[in-house]
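Structure, as structure tokens:
The values are calculated or read from the model by the stated rules, or taken from the named source; none is laboratory data. Being a predicted model, the structure only gives us computed values, none of them experimental. Cβ atoms come from the backbone with ideal geometry, glycine included; neighbour counts cover every protein chain shown. Note: accessible area is taken over every heavy atom of the protein model, side chains too, but ligands, DNA and RNA are not part of it. Shrake-Rupley method; radii C 1.70, N 1.55, O 1.52, S 1.80 Å.
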Amino acid sequence: MLKNKKIVIIGAGVAGINAATKLVDNGYPGELITIIDKGQNPYNRKPEEVMEGMLGAGGWSDGKLTYHTSIGGQLKKYCGEDKAMDLMHQVVENFKRFHPCPEVIMKSDPQEEPEFIKPHFGLRLFPVWHIGSDYLHEIGKNWYEFLLSKGVNFEWETEINQISFELNEIKTSDHDINKVKWFKYDKLIFAVGKSGIDFSQELIKQYNLETEPKSVQIGVRFEAPQKYFQRLIDISYDFKLYQKFDKVSLRSFCTNNNAAYVAVEQTYGDVSYNGHALKDEKYNNQMTNFGILMEIKGIDNPFEWCRDVVKNCQVNNKGIYYSPSRQPSKTSENQDISAYSLGQDGLAQFQESFGEYAEYVLNFINKMNEIFKFGDDYGIYIPEVKYLSPEPLVNYSNLSLNSYPNIHFVGDALSARGITVSGAHGIYVAEAILNDTI
């Protein structure tokens, strides 16, 4: 076993943290593991700091662990169905392990698509573990303390300036730009999340890495009183409605119920939206929110196209809110959600920004209205976006780059698109290191 090798993990998100946990659980010396992140540790990280820091974005603000290989990326492509399910199970067990109240975790596992959905939508059915967004910060602290106790080194508020794949070294600076550090590594786990996509693309260009282009993932965050959707929620708590056309497929995504709050994300300086599902009964607002995301194929430079659409949806440094009848909701802290309400002009700006693709979203909403009869009692926060950079081609046995066998891409850097799959990537690479197959 390679117990004398220095391992550097870039990114303290779900992929990187699960990788480190798998390593130390199996005797790898924590002193040889360094995790670098430009965000904060879980004690200093603020709730609104969604994109950077301990447990990344989903592990800090979402907390729904999907448990199926058809959701959240192409995990089974690398390791097969059975192994993929085993890896995701390990991620779920880690969240339970560090949860302060594991008894509140709920699992939904719908079995059959209801007849009232079939004429209008497909409904993907799969198990989901509901951790509770309001417990994630305590999970982060418990998990952090465990890794510290094992000797793992953390470098917080640290920016990566340069990586030399040939020299196996990393140049960093902290928020005091005069303080520069160099880190040597034998193995590098590149686990940056959505906020590191630009840097990932720079490396891909710098080292001329072979890649597989990814489709556009963009849409809106829909919100309405829960009562309209209750009969579907009773069947599938985190329901996934979907429609498919020639070049566009749509799906509902990341459904939040009961204590459901729209969350603001800031990526590349622009506002977009997501959602939280809290557990504590005091937060119950009887609302439902979920993303309506389009996967659009055939767009040249999909990453830049998404960036342009998002920029066009910004008004006074906020995203857009449109509703025929409602005002934007409050956060769980009773603050106004950062969204600019433009009335009918908001709908017009949405249509102008999204072009022909706006009609797919509006038709999706109209079809839902035929079933759930919410009328004008809804709102949409514009945009919701999942930035996916081109995926580097990797060795399926350990997710290492074809040209650099000691560099491993995991999580969103490898288009994971989900908490469970991201964590599974990290564990998969850690197992390869432990088995000395790299």
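What residue among TYR28, TYR268, TYR67 shows peak mean-square fluctuation when the chain is described by a Gaussian network model with Cα springs under 10 Å? Of TYR28, TYR268, TYR67, the most mobile in the Gaussian network model is TYR268.
Looking at region 353-438, the trypsin sites (Lys or Arg not before Pro) that sit in a DSSP loop and have at most 14 other Cβ atoms within 10 Å of their own Cβ are LYS373. Remark: region 78-90, residue by residue, has Karplus-estimated 3J(HN,Hα) of 7, 10, x, 4, 5, 5, 4, 5, 4, 4, 5, 4, 5 Hz, where x stands for each Gly or Pro and the curve is 6.51 cos²θ - 1.76 cosθ + 1.60 at θ = phi - 60°. Each residue of region 392-397 is assigned a 3J(HN,Hα), and the resulting list reads x, 6, 10, 6, 5, 6 Hz, derived from the Karplus form 6.51 cos²θ - 1.76 cosθ + 1.60 (θ = phi - 60°), x at Gly and Pro. Give LYS83/LYS297; LYS96/LYS187; LYS22/LYS330; LYS227/LYS318; LYS181/LYS205; LYS214/LYS367 a once-over and call out the pairs whose C-alpha atoms are over 31 Å from each other. Pairs exceeding the cut-off: LYS22/LYS330.
For every helix of n ≥ 4 consecutive DSSP H residues, a contribution of -39,500 (n - 2.57) applies; sum these over the chain, divide by its total residues, and give [θ] at 222 nm rounded to the nearest 500 deg cm²/dmol.
Estimated from H runs of four or more residues: -8000 deg cm²/dmol.
The Cα atoms of region 145-295 define a convex hull whose projected area, averaged across directions, is 14.1 nm².
Placing a label point 7 Å from the Cα of LEU148 along the Cα-to-Cβ direction, the residues of region 82-124 whose backbone N falls under 19 Å of that point are 98-100. Solvent-accessible surface of the chain, taken per residue with a 1.4 Å probe and all protein chains present: 40 Å². For region 321-408, GluC sites (Glu not before Pro) meeting the loop criterion (DSSP other than H, G, I, E, B) and having at most 13 other Cβ atoms within 10 Å: GLU333.
Under the convention that each Lys and Arg Cβ holds +1 and each Asp and Glu Cβ holds -1, the size of the dipole of region 335-397 around its Cα centre is about 220 debye.
Using the alpha-carbon positions of the chain, Rg (one decimal) and Dmax (whole number) come out as 21.1, 63 Å. What a 1.4 Å probe finds exposed on the chain is 43% carbon and sulfur by accessible area, rounded to a whole percent.
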